[in-house]
Amino acid sequence: MKERLITLIESALDTLIADGTLPADAKRPVQIDRTKDKSHGDFATNIALMLAKPAGMKPRDLAEKVIAALPQDSAIAKTEIAGPGFINFFQASDWLNSLLDQALADKHLSVARPEQPQTVVVDYSSPNLAKEMHVGHLRSSIIGDAVVRTLEFLGHNVVRQNHVGDWGTQFGMLLAYLDEQKHEESAAELSSELSDLEGFYRAAKQRFDESEEFATRARGLVVKLQAHDPDCLKLWGEFNSISLSHCQAVYDRLGVSLTADDVRGESAYNDDLSQVVADLDAKGLLSEDQGAQCVFMDEYKNKEGDPLPVIVQKADGGYLYATTDLAALRYRANTLGADRMLYFVDQRQALHFQQMFSLSKLAGFVPESTELSHMGFGTMNGPDGRPFKTRDGGTVKLIDLLNEAEERAYALVKEKNPQLDEEELRTIARAVGIGAVKYADLSKNRSSDYIFNFDQMLSFEGNTAPYLLYAYTRVASIFRKAELDMTQVSGEFLLQEDAEQALAARLVQFGEVLQSVAEKGLPNLLCLYLYELAGLFSSFYEHCPILNSEDEALKQSRLKLAALTARTLKQGMELLGLTPLERM
């Protein structure tokens with residue numbers, strides 16, 4: 001509705017410029033706000049206040065001119081001038097009813113889909129295969145996944161890219177240790193040892209530090225790996241396969257849609273790295289600095305005003321993250337055909353990605369028309385405000401965090417519903433526990449740090465997953481009591497009470513919210529919408545009898561409103577990666 005009103009007002013301003021009421025340079029961006037008091041309409045704009053001075057008119061007089069120039073639109077019942085010159089818009093009830101009917105009849109809830117879908121490449125999660133996934137991977141994985149799901153729901157062609165760290169000097173150490181253990185242990189013993197990748201890594205590091213012979217062998221394996229030695233590549237492939245299986249177990253547990261097919265690690269770009277450097281040289285962009293090959297761009301300087309280098313090849317001939325990222329950008333633009341690329345990576349990497357994006361276009365690796373966005377995020381912190389750690393200061397494994405969340409949820413659900421059987425308790429506990437961890441993160445603005453708190457995230461009050469999950473079950477219970485399927489509702493919408501009208505008005509904004517999530521990469525906008533929607537339904541449920549309504553037409557109208565609320569809540573939660581429950 002906001003976009004519709006902006007278009008109408010801009011048309012009116014064009015008319016007023018054409019007839020001389022406004023000077024040609026008077027046009028300003030149109031701001032539309034929702035009114036808090038419905039007696040003042042549904043939307044308001046201050047455009048007449050903004051343009052009164054260049055028009056040489058009183059704001060209220062100009063507001064009258066704007067209203068008179070507005071094109072006719074079936075969505076607007078009436079307009080009014082308020083205060084010093086605000087223009088208030090009242091939605092037409094029959095137009096709102098038609099939107100509700102369209103949403104209820106459509107499997108996509110009448111959310112607009114693009115005429116020309118984009119190919120959107122999304123880089124997210126990206127763990128290091130040398131170690132198990134830890135809490136630091138949570139935000140990238142779930143924020144990226146929520147945006148991916150939303151983009152797909154809106155009709156875009158989404159290409160997931162899990163840019164895992166599967167290359168580098170540490171792999172020589174790990175492969176040397178793996179090879180050593182294969183000769184000393186049985187397959188079962190080795191499998192057991194590899195089930196704890198962190199422990200395996202620490203043991204390999206200890207051998208590397210204590211044995212010069214082992215360290216020499218590890219360094220030699222790095223050289224052989226880089227030279228594509230078949231035996232070394234086979235060993236490397238075995239380790240990566242085991243490590244990726246650990247990652248996939250976490251994704252499955254977390255409800256993240258990444259699969260093995262989405263993995264394209266750093267190693268995939270090895271053969272292109274020398275060509276990246278050669279192409280930068282051919283463009284005249286390379287400079288040598290202390291033996292390293294660098295690119296200097298004037299827009300990136302340090303505090304002293306000196307240009308910051310982008311090093312693409314070290315003095316010893318080795319390549320860096322920047323080289324790999326440039327190769328990945330070129331691959332995603334030219335091979336995957338990306339119209340848009342989103343990188344869900346810690347915001348501390350902001351400068352790196354600004355440089356990569358600028359350089360990739362400067363070098364012609366990526367077309368100017370391709371949108372490149374770093375969707376940075378803050379850190380998940382412990383009660384002390386520092387990055388979340390174990391009690392002894394170690395890294396928290398993500399799987400351990402999820403296990404604890406489920407167990408806490410299980411205890412909570414069992415206390416509230418002791419009559420449920422064990423299987424159902426476990427099903428509910430998983431949805432509530434995992435959902436609580438994810439939603440606590442997703443409901444925060446991704447650029448902000450936040451404090452991890454189990455008690456808050458598992459609360460049934462406030463903007464939490466348990467509250468939302470329960471809100472959905474509450475709507476579902478209405479239809480169970482009525483012994484009615486949600487698809488069986490019929491009749492016309494009769495929105496008589498304020499609570500009905502408020503709920504209906506929010507329901508039709510679902511598509512608008514999803515567009516914002518997709519454009520800005522901010523799932524918290526969807527979280528807030530669903531939380532507000534659940535609150536509006538609660539008010540509607542309290543003030544508007546549904547099953548006990550004596551008026552059959554009104555009962556059917558309210559059942560339709562409840563059904564659309566349920567479907568919207570369910571769809572919204574699924575886009576966030578939550579698992580809706582029919583009862584809990």
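Summary of computed values
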quantity	calculated
Whichever residue in the stretch 134-143 is over 13 Å from residue 160 (Cα atoms) and either open to solvent by 10 Å² or more (accessible area, probe 1.4 Å) or among the polar types (S, T, N, Q) (or both) and, among such residues, is modelled with the highest pLDDT	137
In the stretch 144-158, the residues that are open to solvent by less than 10 Å² (accessible area, probe 1.4 Å), in contact with a helix residue (DSSP H, G or I) (Cβ under 9 Å, 6 or more places away or on another chain) and of a type outside the set (Ser, Thr, Tyr)	145, 146, 147, 151, 154
Residue match in the stretch 333-344 (condition: surrounded by 21 or more Cβ atoms within 10 Å (Cβ to Cβ) and either among the β-branched types (Val, Ile, Thr) or more than 22 Å from residue 157 (Cα to Cα) (or both))	no
Residue in the stretch 455-474 that is buried (at least 21 other Cβ atoms within 10 Å of the Cβ), in a loop (DSSP other than H, G, I, E, B), in contact with a Phe, Trp or Tyr (Cβ under 7 Å, 6 or more places away or on another chain) and not basic (Lys, Arg) present	yes
Scan of the stretch 221-276 for residues that are acidic (Asp, Glu), open to solvent by less than 50 Å² (accessible area, probe 1.4 Å) and more than 24 Å from residue 332 (Cβ to Cβ), ordered by number	229
Of all residues making up the stretch 384-420, the number that are at pLDDT below 95 and open to solvent by 90 Å² or more (accessible area, probe 1.4 Å)	10
Matching entry among 494, 484, 547, 561 (being assigned to a helix (DSSP H, G or I) and touching a residue at least 24 places away in the same chain (Cβ under 8 Å))	561
Scan of the stretch 355-412 for residues that are touching a strand residue (DSSP E or B) at 6+ places or on another chain (Cβ under 7 Å), within 27 Å of residue 195 (Cα to Cα) and of a type in the set (Val, Ile, Thr), ordered by number	395, 396
Given (1) in contact (Cβ under 8 Å) with a residue 60 or more places away in the chain; (2) over 35 Å from the mean Cα position of the chain (by Cα); (3) assigned to a loop (DSSP other than H, G, I, E, B), index of the condition residue 235 fails	(3)
Residue match in the stretch 49-71 (condition: part of a loop (DSSP other than H, G, I, E, B), open to solvent by 40 Å² or more (accessible area, probe 1.4 Å) and charged (D, E, K, R))	yes
Odd one out for residue 10, checked against (1) part of a loop (DSSP other than H, G, I, E, B); (2) open to solvent by 30 Å² or more (accessible area, probe 1.4 Å)	(1)
Counted residues, the stretch 13-25 - those being modelled with pLDDT under 90 and either surrounded by 16 or more Cβ atoms within 10 Å (Cβ to Cβ) or within 21 Å of residue 80 (Cβ to Cβ) (or both)	0
Residue count for the stretch 85-102, restricted to those that are open to solvent by 20 Å² or more (accessible area, probe 1.4 Å) and over 25 Å from residue 569 (Cβ atoms)	3
Which numbered condition residue 43 misses (of (1) at pLDDT 90 or above; (2) of a type in the set (A, V, I, L, M, F, W, C); (3) more than 16 Å from residue 6 (Cα to Cα))	(3)
Wholly within the stretch 97-199, helices (runs of 4 or more DSSP H) carrying at least 2 residues that are of a type in the set (Ser, Thr, Tyr)	138-153, 187-194
Test: residue in the stretch 103-110 that is within 21 Å of the chain's Cα centre (by Cα), open to solvent by 10 Å² or more (accessible area, probe 1.4 Å) and over 30 Å from residue 504 (Cα atoms)	no
Leading residue by the ranking (nearest to the chain's Cα centre (by Cα)) among those in the stretch 362-383 that are modelled with pLDDT of 95 or more and open to solvent by 50 Å² or more (accessible area, probe 1.4 Å)	371
Which numbered condition residue 312 misses (of (1) in contact with a helix residue (DSSP H, G or I) (Cβ under 7 Å, 6 or more places away or on another chain); (2) assigned to a helix (DSSP H, G or I))	(2)
Any hit, the stretch 72-93, residues being within 30 Å of residue 262 (Cβ to Cβ), free of Cβ contacts under 8 Å to residues at least 40 places away in the same chain and either out of contact with any strand residue (DSSP E or B) (no Cβ under 8 Å at 6 or more places or on another chain) or not in a helix (DSSP H, G or I) (or both)	no
Candidate set from the stretch 13-47 (those that are in a helix (DSSP H, G or I) and under 37 Å from the mean Cα position of the chain (by Cα)); member that is nearest to residue 89 (Cα to Cα)	40
Total residues in the stretch 284-321, condition under 32 Å from the mean Cα position of the chain (by Cα) and open to solvent by 70 Å² or more (accessible area, probe 1.4 Å)	4
Matching entry among 132, 184, 210 (being among the charged types (D, E, K, R) and within 30 Å of residue 446 (Cα to Cα))	132
Residue within the stretch 163-177 that is open to solvent by 10 Å² or more (accessible area, probe 1.4 Å), more than 39 Å from the chain's Cα centre (by Cα) and closer than 22 Å to residue 319 by Cβ present	no
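Yes or no, residue by residue, for (1) polar (S, T, N, Q); (2) under 30 Å from residue 119 (Cα atoms); (3) surrounded by fewer than 19 Cβ atoms within 10 Å (Cβ to Cβ):
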| position | (1), (2), (3) |
| --- | --- |
| 509 | yes, yes, yes |
| 517 | no, yes, no |
| 532 | no, no, yes |
| 537 | no, no, no |
| 550 | no, no, yes |
| 578 | no, yes, no |
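The values are calculated or read from the model by the stated rules, or taken from the named source; none is laboratory data. As the structure is a computational prediction, the values presented were derived from the model and not from experiment. Glycine also receives a Cβ, built like all others from the backbone with ideal geometry; neighbour counts cover every protein chain displayed. The area values use the complete protein model at the heavy-atom level, side chains included, leaving out ligands, DNA and RNA. Shrake-Rupley method; radii C 1.70, N 1.55, O 1.52, S 1.80 Å.
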